[in-house]
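Engineer: The following block contains the structure, expressed as structure tokens.
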Amino acid sequence: MTRTADDLLRTALRDLAGEAGRPHALPTRALAAGHRRRRIRRTVVSSAAAILVAAAAAVPYSLTRSHQPAPAAVAPAPTVVDLGTRPFAEQRAYLLPGGVPLVGAFRYGSSGDTSALVLPPGGTGYRQVPGFTGSLTVSPTGRYAVVERLAAERLHLLDVTTGQERTLPYPIASAAVWSTDGARLLVTRDTGFSVVDPATGAAADHDVDPGRTRCLNRCQYTWLAGGKQVALPQAVAQNSEAPRVTGLAIFDAGTGELLRDVPVTGAPLGRDAWSPDGRLVLTRDTDQVGRVWVVDAASGHVVRGLAAETAVFRPDGTVLAADRERVTRYTADGTPIETLTLPDVLAGRKLTFGR
């Protein structure tokens, strides 16, 4: 059985006390005393060490460990509100995320029934666009619509409130983009662009340097925020490949004068492709659909990609984007806020968002 430190200490002290014994045999006693003293020192040191170890073990762990910084807080993942599916009825305005009204819905290559619907000002109900329609571009107010009649050679401009239709002097395949307020129509031509007043049909034509129009077979002019300038992608192409956008040329919408170039290497989507402050732009690749890019206009750097076929900036700076099955509202930098699943009657259609 192992002796405790206390027992060893007591025995050593008794041995020291016995050193004052008989006066004879002093050398022998001195030698033995030396051995005892060394044993006593070892015993005392061992006992002290044991006491220190026991004391250290009694100190709480929280007092002996080194201080570590608190772990950084992890930001929670953004919560996306799922709005489910809202039923559609032609008798009233259909509201999209953010309370935005749907002012136009079109299905390519269809005629009759509900292939082309427009919500005129007032929002009292949708009207069908009669006849075989190849394409439909509705103004954000719902007052006008550019119609491509497949049997016609020119674009038609329809006044939805009156039903009157006029022929515009532009080929049927010309790209047309409405201004944010729906008061002007921007038409891409082979030699430049035209700005049309839909109320009167009057147009201002602007020709540009032919060296600036090499992307016109895949690109179109679009409005910048504020409606005073327009942008056209600058592109290069090799053989039969789709053109590669190298930047955007910015023109004065009133005079056609070239103002500057910006390093955005994608084609702006169309109406309201630019954020209200002009800092961001929504672009697409010239040879790809189903993907929209949020791009910093000053640097050309991509901020985020969105899985969508079309998108617009809202006046509050948010983005409303749609694919074939749903409409989603995002923050300006592409963070989703809320999403709506489209009913069957609207799924797969080209949608026009109101203001």
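Engineer: Considering only the stretch 336-350, state which residues are assigned to a strand (DSSP E or B) and at pLDDT below 95.
Structural biologist: Passing the criteria: only LYS350.
Engineer: When you scan the stretch 203-230, how many residues do you find that are over 14 Å from GLY254 (Cα atoms) and surrounded by fewer than 18 Cβ atoms within 10 Å (Cβ to Cβ)?
Structural biologist: The qualifying residues number 7.
Condition check ((1) at pLDDT 95 or above; (2) in contact with a strand residue (DSSP E or B) (Cβ under 6 Å, 6 or more places away or on another chain)) across all residues:
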residue	(1), (2)
GLN229	yes, yes
ALA242	no, no
GLY290	no, no
VAL295	yes, yes
HIS301	yes, no
ARG326	yes, yes
GLY334	no, yes
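Engineer: Could you please tell me which pairs satisfy a Cβ distance under 6 Å, a separation of 6+ or placement on different chains, a first residue in the stretch 156-175 that is in contact (Cβ under 8 Å) with a residue 60 or more places away in the chain and of a type outside the set (A, V, I, L, M), and a second residue that is part of a loop (DSSP other than H, G, I, E, B) and loosely packed, with under 13 Cβ neighbours inside 10 Å?
Structural biologist: Note: no pairs meet the criteria.
Engineer: Let me spell it out: the conditions are (1) in contact with a Lys or Arg (Cβ under 7 Å, 6 or more places away or on another chain); (2) under 20 Å from THR331 (Cβ atoms); (3) among the hydrophobic types (A, V, I, L, M, F, W, C), and TRP274 meets all of them except one. Which number is the exception?
Structural biologist: Evaluating TRP274 over (1) in contact with a Lys or Arg (Cβ under 7 Å, 6 or more places away or on another chain); (2) under 20 Å from THR331 (Cβ atoms); (3) among the hydrophobic types (A, V, I, L, M, F, W, C) leaves (1) as the failure.
Engineer: A further question follows. Give the residues of the stretch 168-223 that are within 24 Å of GLY354 (Cα to Cα), of a type in the set (D, E, K, R) and under 33 Å from the mean Cα position of the chain (by Cα), sorted by residue number.
Structural biologist: Across the stretch 168-223, the qualifying residues are ASP181, ARG184.
Engineer: Failed condition for PHE353, given (1) surrounded by fewer than 16 Cβ atoms within 10 Å (Cβ to Cβ); (2) under 20 Å from THR283 (Cβ atoms), with all others met?
Structural biologist: PHE353 satisfies all of (1) surrounded by fewer than 16 Cβ atoms within 10 Å (Cβ to Cβ); (2) under 20 Å from THR283 (Cβ atoms) except (1).
Engineer: Suppose the filter is over 26 Å from LEU95 (Cβ atoms) and either touching a residue at least 40 places away in the same chain (Cβ under 8 Å) or in the same structural domain as PRO101 (by TED's automatic domain parsing) (or both); does VAL303 pass it?
Structural biologist: yes
Engineer: Kindly state which strands (runs of 3 or more DSSP E) lie completely within the stretch 167-273 and contain at least 3 residues that are of a type outside the set (A, V, I, L, M, F, W, C) and farther than 25 Å from VAL294 by Cβ.
Structural biologist: 203-207
Engineer: Report, by residue number, each residue of the stretch 190-202 that is surrounded by fewer than 19 Cβ atoms within 10 Å (Cβ to Cβ) and either within 29 Å of LEU119 (Cα to Cα) or in contact with a strand residue (DSSP E or B) (Cβ under 7 Å, 6 or more places away or on another chain) (or both).
Structural biologist: THR191, ASP197, ALA199, THR200, GLY201, ALA202
Engineer: Considering each residue of the stretch 310-340, count those that are crowded, with 17+ Cβ neighbours inside 10 Å and out of contact with any Ser or Thr (no Cβ under 8 Å at 6 or more places or on another chain), and give that number.
Structural biologist: Qualifying residue count for the region: 6.
Engineer: For the structure I just gave you, tell me whether LEU280 is at pLDDT 95 or above and under 20 Å from the mean Cα position of the chain (by Cα).
Structural biologist: Spelling it out, LEU280 is indeed at pLDDT 95 or above and under 20 Å from the mean Cα position of the chain (by Cα).
Engineer: What's the total number of residues in the stretch 274-296 that are in a loop (DSSP other than H, G, I, E, B) and closer than 24 Å to ASP323 by Cα?
Structural biologist: Residues meeting the conditions: 9.
The values are calculated or read from the model by the stated rules, or taken from the named source; none is laboratory data. Please read all numbers here as calculations on a predicted model, not as lab measurements. In this analysis, Cβ positions are derived from the backbone assuming ideal geometry, glycine residues included, and neighbour counts consider all displayed protein chains.
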